[in-house]
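A quick write-up on the structure given underneath.
The values are calculated or read from the model by the stated rules, or taken from the named source; none is laboratory data. Note that the structure is a prediction, hence the values are computed from the model and not measured. Using ideal geometry, Cβ is built from the backbone for each residue, glycine included, and neighbour counts are taken over all protein chains shown. For the accessible areas, the whole protein counts, side chains as well, though only heavy atoms, and no ligand, DNA or RNA atoms are used. Shrake-Rupley method; radii C 1.70, N 1.55, O 1.52, S 1.80 Å.
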Amino acid sequence: QDGTANPSGPRPSDAQSNADLIKATAYWLGADAVGLSAAPDWVWYSHDATGAPITPPHGQAISIIIDQGYETMSGASGDDWISVAQSMRAYLRFSLIGGVLAKHIRALGYGAKAHTATDGDVLQPPLLLLSGLGEVSRIGEVILNPFLGPRLKSGVITTDMPITHDLPIDFGLQRFCEACNKCARECPSGAITAGPKKMFNGYEIWKSDSQRCATYRLTTEGGSMCGRCMKTCPWNLEGLFAEAPFRWAAMNLPSAAPLLAWADDAAGRGSLNPVKKWWWDIELNEDGAYRTPKAPVNARSLQRGLKIRAEDQTLAVYPAPLTPPPWPYPYPMDREAGIAAFRALLSPEEHRARTAAGDTSHLHRTPDHGNSPVIRVEVATAQKMTQSVTKYEFRTPDGTPLPDWAAGAHIDVVVTPEFIRQYSMSGNPADPSLYQIGVLREDTGRGGSRMMHRIFTPGRRVFISKPINHFPLAEDASFTFLMGGGIGVTPMIAFAHRLHALGRAFALHYSVGSRAEAGYLADLAAAPWADRVHLHISNENTRADLAALLGRYAPGQHVYTCGPDRYMQAVIDAATTGGFPDENRHLEYFSAPAQPERENHPFSLHLARSGRTLAVPADQSATDVLTAHGIAIDVKCADGICGVCKCTLLSGTADHRDFVLSNAQRSDTIILCQSRARDPDGILTIDL
Ligand code: SF4
Ligand code: SF4
Ligand code: FES
């Protein structure tokens, strides 16, 4: 992907010849279209994934697009199981072509780096525009090519090799998309705007609701990811002679756009062609096995009768002031603010007028994320204490003190963006130079601890949260029992450091199966409070007699425990039997907060216009019941995402379960495919 240029390479300097040969090589390697342009500073990200600033190393860009496959797409719904494979196949093909081409350019003596879907330092859509590979389309950030339509994936190679540039193109797509909103109609999540272009982060685009799109792509049970907008677009062309008249008319007769869009729809183009389906639908399960999907596979027909109007849509957008900070850490999206931001987007004309008048209040600027919950640290040590327990220490890269913490605290460690794990801090709270944790490798877990053991080596820069303390120490206890089972000893060590510093009485009891699996033995033996440590080792028959250890409660005593559930329960049972009051027994659990279970009650739907009342049983939705009674109601996603089944709510208290409406809209509107009456046997009166 990247590397150093060959210092003795021939460095060919004829820009036109270089451009020709680069294109020829890319086509020979399998690219579907290639465009060349400058790579101005503004297409480069300001920082990389580790937070280090990026200084643009190259000024030239080679943009490549890869066809996702016309035939396969015609046999697909666009949001079924082949969808993700279509995307990833195209991305992988670029990764191969881009990697080979970049290496070849480096061999010639110039710097070159391939920017792929999984690792890149440049924004690709502006480069596709600059290099003439397409125009902005209604789909949003998708650049549409006149030969492939939107059915493409891209990649970019940046270089300092001199090359001549291609020019941006205008093949009439802006007019065409204004006259067509088929993608907005067919999008299962209702993410694509049916309205006009707006200004977003300084770009003039049809801004889609990417949160909705991403939610649908990640949660749909009938497939994996989605590209239905690409599939159904009239420009999803095969590139054959038969389609040349459409392309010519679309490019040359602006007034024909509405007619062409209508004719495309009337001809049923973009519908599902089962003859072209050549793949098995299989789903990767949590246990790692591939099986036939449980849910019905998405297989959508065109919704030609559906009218999508901008004024009926409730979209949310997240311009720079609302985007999550650029570090890999969970960040709650404020959808209400996103809805307000969509409404506040300016038209290009308003934007230009305000900017010309010297007003800058409308510009989208990234906020100061200074008060981050996350800090960037370096792995100082990774010490394997047993076969499966490793002690990690973190320090700031520049050696400055870490934020203060108190015994009992834990940190969230971003192992990789998909693995964020919580670990108790085991070091000395009085030492601001290091944070310390102990990590048990869980070979049958979900992979976070295994990944950490594999990739956390000294010198690696990682993100962790600031210390969070849900397990505080009562520092005025008359005596403190610190009870650690296995890796649960970690917070006990921090407590012991603190109690020792305070001169308090305590005992640390550490229970393990065998010495071979016990981490921290050397640390405990070397601690200034080593005489307070008691080891209980099952295979040495020194198992803890918890009832005898804790004895009868004496005023002011506290007990803390952490470890396997059964161990903690035994400690708490012994403490309870010994008379320790509830507030003097402390345990630490690490588990995700439970999501509230939603209960479905039966309720009644009263239809104001006809006066009918329909019973909605607990196992059916309002749209199921309406459809079963022959009452026409548009349904698209059935997941409360797209908003198509929106209806006026005249009275009744609803349990709103949609991902569409603003709080204000919920006072008089309901999404019928998901939302229900809040109370059992409640009545909702709707305007039907
Ligand atoms: S949900 Fe599917 S159709 Fe809608 S914008 Fe996303 S990818 Fe396109
Ligand atoms: S479906 Fe129509 S509106 Fe959407 S991108 Fe294609 S041409 Fe443009
Ligand atoms: S929100 Fe999509 S059908 Fe109800």
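Quick notes on this one:
- As a fraction of the 1.4 Å probe accessible area of region 430-556, surface on carbon and sulfur atoms comes out at 51 percent.
- Amide H contacts under 5 Å for Asp166: Leu36, Ser37, restricted to partners 5 or more places along the chain or on a different chain, H placed in the peptide plane at 1.01 Å from N.
- Per-residue [θ]222 nm for the chain (sum of -39500 (n - 2.57) over DSSP H runs n ≥ 4, rounded to 500): -7000 deg cm²/dmol
- In order through region 197-208: 3J(HN,Hα) via Karplus (6.51 cos²θ - 1.76 cosθ + 1.60), integer Hz, x for Gly, Pro: 5, 9, 8, 9, 6, x, 9, 8, 8, 7, 8, 8
- The shape of the chain can be summarised by an equivalent ellipsoid whose semi-axes, obtained from the alpha carbon gyration tensor, come to 53, 37, 23 Å from longest to shortest.
- Amide H contacts of Leu661 (H built 1.01 Å from N, in plane; Pro and chain starts excluded): no residue 5 or more places away or on another chain comes under 5 Å.
- Once the 1.4 Å probe is applied to the protein heavy atoms, the chain comes out at 47 Å² accessible per residue.
- Judged by the mean number of other Cβ atoms found within 10 Å, the most tightly packed of the peptides 118-127, 67-76 leads the ranking 67-76, 118-127.
- Rule-of-thumb Rg ratio for region 479-587 [Cα; 2.2 N^0.38 Å; N residues]: 0.99
- Gyration tensor verdict on region 603-686 (Cα atoms; rounded if a/c is under 1.5, prolate if a/b is larger than b/c, oblate otherwise): rounded
- Of all accessible heavy-atom area on region 45-182, the percent that carbon and sulfur account for (1.4 Å): 61 percent
- Long-range amide H partners of His115 with built H, under 5 Å: Val156, Ile157, Thr158
- Taking 26 Å as the limit for the C-alpha separation, the pairs Lys153/Lys207; Lys198/Lys307; Lys207/Lys307; Lys23/Lys103; Lys198/Lys231; Lys23/Lys231 exceed it in the case of Lys23/Lys231.
- Nearest-ten-degree value, helix 210-219 long axis tilted from longest Cα axis of the chain: 70 degrees
- Mean Cβ count within 10 Å, highest first, over the residues of peptides 191-197, 306-312: 191-197, 306-312
- DSSP beta bridge pairing in the chain, given as percent antiparallel to the nearest 5: 75 percent
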